[in-house]
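What follows is a single structure, written as structure tokens, with notes after it.
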Amino acid sequence: MNNDFIPVANPKAQNEALKEKLDEAVKRVFSSGWYILGEEVRLFEKEFADLLGAPFCIGVASGTDALILALKAVGTKPGDEVITVSHSAVATVAAVELAGAIPVFIDIDPSTRCMDPSLLSDLVTEKTKAILPVHIYGQPAPMQEILSIAQDHGLKVVEDCAQAHGAEINGKKVGTFGDAGAFSFYPTKNLGGIGDGGAVITNSAEIAGCIRELREYGWKERFVSSIQGMNSRLDELQAAILRIKLPYLLENNKRRREIGTRYCQAIDRLGIVPPRQIEDTLHAMHLFVVECGNRDEFRHYMEEMGIGTALHYPFPIHLQPAFEGRIRGGTDLSYTESLYERIVSLPMFPELTDMQVGRICNALRKWYGKRRTG
Ligand SMILES: *Cc1c(COP(=O)(O)O)cnc(C)c1O
């Protein structure tokens with residue numbers, strides 16, 4: 001790797017660009033003497049809720065915890081089933097099991113790469129409690145269809161928004177459609193801390209209140225546990241850092257989409273399939289994932305051109321050792337299984353310079369030349 005190597009993600013670039021403001025925020029927390037659930041968390045919760053257009057936000061320790069607490073707060077009990085996808089980060093399915101529920105897998109739609117709502121009704125049983133769609137790569141899942149099926153069967157909906165901060169359907173932000181939306185602030189996400197963090201967004205005062213208790217030992221008031229809880233709190237330091245970054249989120253997403261558009265123009269030929277544009281949705285472009293038949297050769301070529309690529313993810317969850325062969329729906333995921341061997345992620349972060357994007361586009365065009373003559 002040389003100095004000009006372009007990585008797939010680069011959280012340090014953003015932290016360097018905002019260094020002075022971040023230093024100030026860190027110092028402010030340091031000298032406040034209050035490090036857990038204080039003013040910074042309270043203000044961040046309000047600012048993030050306002051940006052998304054939701055009345056309630058509860059800061060927690062990670063995106064995984066946000067999913068666990070959201071599932072518990074909508075009433076998921078041990079033995080309940082939760083329908084979700086295998087084409088996601090393992091955290092999605094781990095969270096279902098950590099909430100005590102049983103994941104059930106549904107296949108994805110080739111156009112969105114999110115859950116295929118036409119398959120939902122067939123998977124619903126009397127044990128089904130909730131549907132857990134993932135807005136994968138920043139592409140909103142078809143929430144109208146999902147909500148209508150949930151309503152028909154009396155199911156809860158928890159959105160996994162870990163890759164989709166600021167994504168929209170018809171002008172409405174994801175996370176505000178279902179009963180709750182779970183976000184991660186892992187450093188490489190569209191809104192990332194300098195450490196772990198997460199949040200739940202909800203329109204329900206009851207769900208919000210329940211998560212506030214669950215995240216801190218089930219306390220209704222200090223030292224008095226009214227329900228079984230845990231410890232999952234967003235700390236003041238992360239909240240202060242996220243408050244600095246939040247005002248840039250939407251313009252950063254716009255920059256990500258611009259980069260995506262340039263990639264699409266460069267690969268507008270046979271051979272590599274770009275993500276599809278879905279009408280009425282605004283992509284958060286967390287990852288730019290293309291489909292490519294001779295993927296290993298392509299990745300090797302890009303590496304030689306000084307350009308990083310990655311796999312999100314190398315295996316679907318139902319084929320991972322911890323889950324293989326034991327989850328209902330895991331034998332009927334033909335599109336999930338046909339997709340994962342073709343996907344490859346190109347560099348995607350807002351601090352990519354126009355020159356770097358140009359270099360990546362040139363490399364993509366040359367790859368076609370190579371393929372046509374080779
Ligand atoms: C990152 C991610 C999570 C988990 O978030 P953490 O903060 O790492 O716990 C969950 N779901 C998806 C789709 C993710 O990308």
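The values are calculated or read from the model by the stated rules, or taken from the named source; none is laboratory data. Fair warning: this is a prediction, and the values are worked out from it, not measured in the lab. Reconstructed Cβ throughout: ideal geometry from the backbone, glycine too, with neighbour counts over all protein chains shown. In case anyone asks, the SASA skips ligands and DNA or RNA and just uses the protein heavy atoms, side chains included. Shrake-Rupley method; radii C 1.70, N 1.55, O 1.52, S 1.80 Å.
Observations on the model:
- Length added when fully stretched, residue 300-residue 246, from 0.36 nm per residue minus Cα-Cα: 15.8 nm
- Computed over protein heavy atoms with a 1.4 angstrom probe, the accessible surface ordering of 50, 152, largest first, is 152, 50.
- Of all DSSP beta bridges in the chain, antiparallel share, percent nearest 5: 60 percent
- For the chain, the relative contact order works out to 22 percent when only alpha carbon pairs closer than 8 Å and six or more residues apart are counted.
- Using a probe radius of 1.4 angstrom, the carbon and sulfur fraction of the accessible surface of region 71-119 is 61%.
- Accessible area (Å², per residue) of region 249-373, counting only protein heavy atoms and a probe of 1.4 Å: 51 Å²
- Per DSSP, loop trypsin sites (Lys or Arg not before Pro) in region 294-368 with at most 13 further Cβ within 10 Å: 326
- For residue 60, distant residues with modelled amide H under 5 Å away: 198, 199, 200, 234
- The spacing between region 301-374 and region 116-147, judged by their C-alpha centroids, is 24 Å.
- Only one residue of 358, 312, 333 has its Cα farthest out toward the positive end of the dipole of region 249-373, where Lys and Arg carry +1 and Asp and Glu -1 on Cβ, and that residue is 358.
- Two-decimal Rg/Rh across the chain, once Rg and the Kirkwood Rh are taken from alpha-carbon atoms: 0.98
- Annotation: extensible slack from residue 126 through residue 334 equals 72.3 nm (criterion: 0.36 nm per residue apart, minus Cα-Cα distance).
- Dipole magnitude for region 249-373: about 360 debye, using +1 per Lys or Arg Cβ and -1 per Asp or Glu Cβ, origin at the Cα centre.
- Sequence-separation-based contact order of region 249-373, relative, with Cα cut under 8 Å and 6+ spacing, percent: 35 percent
- Rolling a 1.4 Å probe across all protein chains gives residue 36 an accessible area of roughly 70 Å².
- Count Lys and Arg as plus one, Asp and Glu as minus one, and take only other residues whose Cβ is under 11 Å from that of residue 241; the net charge is then -1.
- From phi via Karplus (6.51, -1.76, 1.60), per-residue ³J(HN,Hα) for region 142-153 in Hz, x at Gly/Pro: x, 5, 4, 5, 5, 5, 5, 5, 4, 5, 4, 9
- The residue 151 and residue 28 beta-carbon pair, evaluated with R₀ = 45 Å, returns a calculated FRET efficiency of approximately 0.50.
- Rounded to 5, percent antiparallel among DSSP beta bridges of region 61-171: 10 percent
- Segment residue 90-residue 36, length gained on full extension (0.36 nm per residue, minus Cα span): 16.6 nm
- Per residue Cα convex hull volume in Å³ - calculated over region 249-373: 144 Å³
- Given +1 at the Cβ of Lys and Arg, -1 at the Cβ of Asp and Glu and no other charges, the dipole of the chain around its Cα centre is 780 debye to the nearest 20.
- Applying both filters, DSSP loop and at most 16 other Cβ atoms within 10 Å, to the GluC sites (Glu not before Pro) of region 20-128 gives 126.
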